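Peer 1: The structure under discussion is supplied below as C-alpha cells; questions concerning it will follow.
Quick note: the coordinates plus some simple rules give every number you see, no bench work behind them. Note that the coordinates shown come from a computational prediction; the quantities given were computed from them, not determined experimentally. Note: ideal-geometry Cβ built from the backbone for every residue, glycine included; neighbour counts use all protein chains shown.
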Amino acid sequence: MKIVILKYNAGNIRSVTFALERIGVSPIVTGDIDEIQSADKVIFPGVGEASSAMHFLKEQKLDKVITDLKQPVLGICLGMQLMCNFSEEGNTNCLGIFDQKVSKFSHTNKVPQIGWNNIFDLSSNIFDHVNENEYMYFVHGYFVEVGSNTISKTNYGIDYSSALKKDNFYGVQFHPEKSGDAGQKILENFLSL
Amino acid sequence: MLTKRIIPCLDIKDGRTVKGVNFENIRDAGDPVELAIAYSAHGADELVFLDISATNEKRKTLSELVSRIAKNINIPFTVGGGISSIDDVCLLLNAGADKISINTAAFKNPQLIKELADRFGSQCVVVAIDTKYENNDWYVYLNGGKVKTEMRAVDWAKMAVSLGCGEILLTSMNNDGTKNGFSNDIIKLVSESVNVPVIASGGAGTMEHFKDTFVYGKADAALAASVFHFNEIGILDLKKYLKEQKIEVRI
C-alpha cells in the first residue's frame, strides 16, 4: 500500500510520519504530483496559517490535484480546514471540498484551544472501535461549525465539527498522531478503508 | 469539554535525565525516551523536556534525542532550555517537537516571539516565565532565576501574548522545590490577564495542590517534576482524585 503524506509549507509532517511508522507503515512524504495521484491513500497534514498555505498549494498547482483525488484523503487540523470553502484566517478562499466555513473562536474562550477534548456523535467507519466521548488532542484557534458533512462533534464554548466526511474525503480537527492509542486507532481505520 | 492537563517535566543534560527518578520497570531511568514512554503509558497529557546543558555544541545531541522521543510516544511534548534563534527552533520542530519553550532569549529580544509565531504558528510557541515575589509584587527573573528584572510578570505575559505566544509556562521561584503548593495568586492574575492557556509550575507536593491551582489559580495545566519522578504521586491516581473533585481530566 502506498501512503503519501502531502508535503507543503506547513509543519507537523514529522509527527504524522512517526505515527504511521509506529503502525508499521512507511509513508512517502512528497509534494510530487505523480506520486500523490498514484497513492492508495493521501494524508494532508498541517499546522500553520491558512492564507500562506493556500498560496503555496496554488503556486505548486496542488489545489486542483487534491480536489480531483479519488482515493481516500485525510486532512488533519489545518489540512481539514483548507478542505473547506473559506477560512476567516487571512480571509482565505480554500479548496471547497466541504461546503463549510472556518471561523475564529470567540474570545469568550482561551484561543487557541490547546489540549485534550472529547469527540461525540461519532458517525463514520473511521471511528470504528473508538468510544463515544473519547479524548483527542486539539490545537487550533479556528473551527468549522456543525453541518451536513459533520461526522463528529466537540464542544469548546459551542458544539463544532471535530471531523468531516464527504465522499472519499475525510478531515479531523484534532491530531490523531498525538492522541494516544485512540488516535492511532483512527489512523489505522483510515489506512484500512 | 476541554480537560485540565497534567504535565511531567524532565530535566535533560547531555541527552540524559538529570534528576533521579524512582520508577519500577524502567531499565534505564536516565534515558529520557524510556521515561517518556512510561509517563505516556501512565496517563500524562503532555511532556516538557528542559535541556539544562543548552550550549551550542549540545544542540545536535538534543535534536537527536527529540527525534527519538517523537518516534516513541504518541502524546505532545515541548522542548525548552537555551533556545535563542529561529534556527534552534527550526531544528527542534523538524526533529519532531510539538512546541518549543523560550525564556531569557524572548525577554531580551521580544520580536523573536513574533518571528517564531509568524513562521511556525502561535500554537508551538510557549513563553516560559520565572517569577519571584518581592517588594509586594511578582517580578520576572532570567537566566534560570539568576538575574532579576524590573518587569512585572503579568506585564511580560501580556506583552508576550500580544506578540503571538500561544501558551505561558509560569514558574513561581518562591514555591519551586518547596512542595508547599502552587502560587495561585500570580497564576490566577496571569491566567485572567491573557487569553492563552497558562501552565502552572513550581510547588506541587500533594494532589490537593493540583486541584487548588485549577480551581483557585485558574490554571489550564499543571507541571511538576519530583512528585512524579519519585512516584510520590501517580498520574492515574491524581487524575482519579481530580475527577472526584469535579475537575475535567482525561482518564
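Peer 1: Rank by packing, highest mean first: peptides B:117-124, A:56-63, with packing defined as the count of other Cβ atoms within 10 Å averaged across residues. Each step should come with its number before you reach the end.
Peer 2: Details: B:117-124: 21.6, A:56-63: 15.8.
Ranked from most to least packed, the peptides come out as B:117-124, A:56-63.
Peer 1: I would also like to ask the following. What's the average, rounded to a whole number, of partner chain beta-carbon atoms within 10 Å of each residue's beta-carbon in B:197-204? Let's see the in-between values first.
Peer 2: Values: counts 6, 1, 1, 0, 0, 0, 0, 0.
Mean inter-chain Cβ contacts per residue within 10 Å come to 1.
Peer 1: Counting DSSP beta bridges with both partners in the protein assembly as shown, what percentage is antiparallel, nearest 5?
Peer 2: Values: 33 of 80 bridges.
In the protein assembly as shown, approximately 40 percent of DSSP beta bridges are antiparallel ones.
Peer 1: So what is the diffusion coefficient of the protein assembly as shown in µm² per second by Stokes-Einstein at 4 °C and 1.567 mPa s, using a Kirkwood Rh over Cα pairs?
Peer 2: On the way: Rh = 22.0 Å.
Once the numbers are plugged in, D ends up at 59 µm²/s.
Peer 1: Something else: Quick query: amide H of A:Ser162 versus all other amide H atoms, modeled in the peptide plane; which residues come in under 5 Å with a sequence gap of 5 or more or a different chain?
Peer 2: Residues meeting the criterion, in which the H sits 1.01 Å from N, are A:Ser152, A:Lys153, A:Thr154.
Peer 1: Which far-off residues, 5 or more places away or on another chain, put their amide H under 5 Å from the one on A:Phe86, with H placed in the peptide plane?
Peer 2: A:Cys94, A:Gln100, A:Val102
Peer 1: Output the Cα-based Rg and Dmax of segment B:184-251 in Å, rounding Rg to one decimal and Dmax to a whole number.
Peer 2: Rg then Dmax for segment B:184-251, in Å: 11.8, 34.
Peer 1: Give me B:Asp220, B:Asp212 ranked fewest to most by other Cβ atoms within 10 Å of their Cβ, as a rough exposure proxy. Write out the running numbers ahead of the final one.
Peer 2: Values: B:Asp220 23, B:Asp212 19.
By the 10 Å Cβ count, ascending, the order reads B:Asp212, B:Asp220.
Peer 1: Among bridges DSSP assigns within segment B:5-244, what percent are antiparallel (round to 5)?
Peer 2: Here the share of antiparallel DSSP bridges comes out near 25 percent.
Peer 1: What ³J(HN,Hα) values, in whole Hz, does the Karplus curve 6.51 cos²θ - 1.76 cosθ + 1.60 give for segment A:177-193 when θ = phi - 60°, with x put for Gly and Pro?
Peer 2: 5, 10, 10, x, 5, 5, x, 4, 4, 5, 4, 4, 4, 4, 5, 9, 4
Peer 1: A further question on this structure: Just want to confirm a number: the relative contact order over chain B, from Cα pairs under 8 angstrom separated by 6+ residues, in percent. Could you put the intermediate results ahead of the total?
Peer 2: Values: 533 pairs, mean separation 46.0, N = 251.
Normalised by residue count, the contact order of chain B is 18 percent.
Peer 1: With n ≥ 4 as the cut-off for DSSP H runs, can you work out [θ] at 222 nm for chain A, using -39500 (n - 2.57) per run divided by the number of residues, rounded to the nearest 500? Display every interim value, and only then the final one.
Peer 2: On the way: 6 runs with 49 residues, N = 193.
Rounded to the nearest 500, the figure is -7000 deg cm²/dmol.
Peer 1: Which whole-Hz couplings ³J(HN,Hα) result when phi for each residue of segment B:136-152 is put into the Karplus expression 6.51 cos²θ - 1.76 cosθ + 1.60, θ = phi - 60°, listed in order with x for Gly and Pro?
Peer 2: In residue order, the calculated couplings are 6, 8, 9, 10, 7, 10, 10, 6, x, x, 8, 10, 7, 10, 9, 7, 6 Hz.
Peer 1: Going by C-beta contacts inside 10 Å, put B:Val154, B:Val125 in order with the fewest on the left. Display every interim value, and only then the final one.
Peer 2: Values: B:Val154 20, B:Val125 28.
Neighbour counts put them in this order, fewest first: B:Val154, B:Val125.
Peer 1: Averaged across orientations, what area in nm² does the convex hull of the alpha carbons in segment A:3-191 project? Write down the numbers at each step before the final one.
Peer 2: Working: hull surface 36.7 nm².
Taking a quarter of the hull surface, the average projection is 9.2 nm².
Peer 1: If we count other beta carbons within 10 Å of each Cβ, what is the order of B:Met1, A:Met54, B:Met151, fewest first? Walk me through the numbers before you get to the answer.
Peer 2: Values: B:Met1 12, A:Met54 21, B:Met151 17.
Fewest to most other Cβ atoms nearby, the residues stand as B:Met1, B:Met151, A:Met54.
Peer 1: Please report the antiparallel percentage of DSSP beta bridges with both residues in chain A, rounded to the nearest 5. Don't skip to the end; give the middle numbers.
Peer 2: Values: 23 of 39 bridges.
Beta bridges within chain A, antiparallel portion: roughly 60 percent.
Peer 1: In whole percent, what relative contact order does segment A:80-193 give with Cα contacts below 8 Å and a gap of six or more residues? Intermediate values should be presented prior to the final figure.
Peer 2: Values: 247 pairs, mean separation 27.7, N = 114.
Here the relative contact order equals 24 percent.
Peer 1: Under a 5 Å amide H to amide H cut-off, with H placed in plane at 1.01 Å, what residues pair with B:Asp51 once short-range neighbours are removed?
Peer 2: B:Ile12, B:Gly80, B:Gly81
Peer 1: Specify, per residue and in Å³, the volume enclosed by the convex hull of the alpha carbon atoms belonging to segment B:98-251.
Peer 2: Details: hull volume 17.2 nm³, N = 154.
Spelled out: Cα convex hull of segment B:98-251, divided by residues, is 112 Å³.
Peer 1: In whole percent, what relative contact order does chain A give with Cα contacts below 8 Å and a gap of six or more residues?
Peer 2: Details: 431 pairs, mean separation 36.5, N = 193.
Relative contact order for chain A comes out at 19 percent.
Peer 1: Now a separate question. Output wanted: per-residue J couplings in Hz (rounded whole) for segment B:71-77, from phi through Karplus 6.51 cos²θ - 1.76 cosθ + 1.60, θ = phi - 60°, x for Gly and Pro.
Peer 2: 5, 9, 10, 10, 10, x, 8
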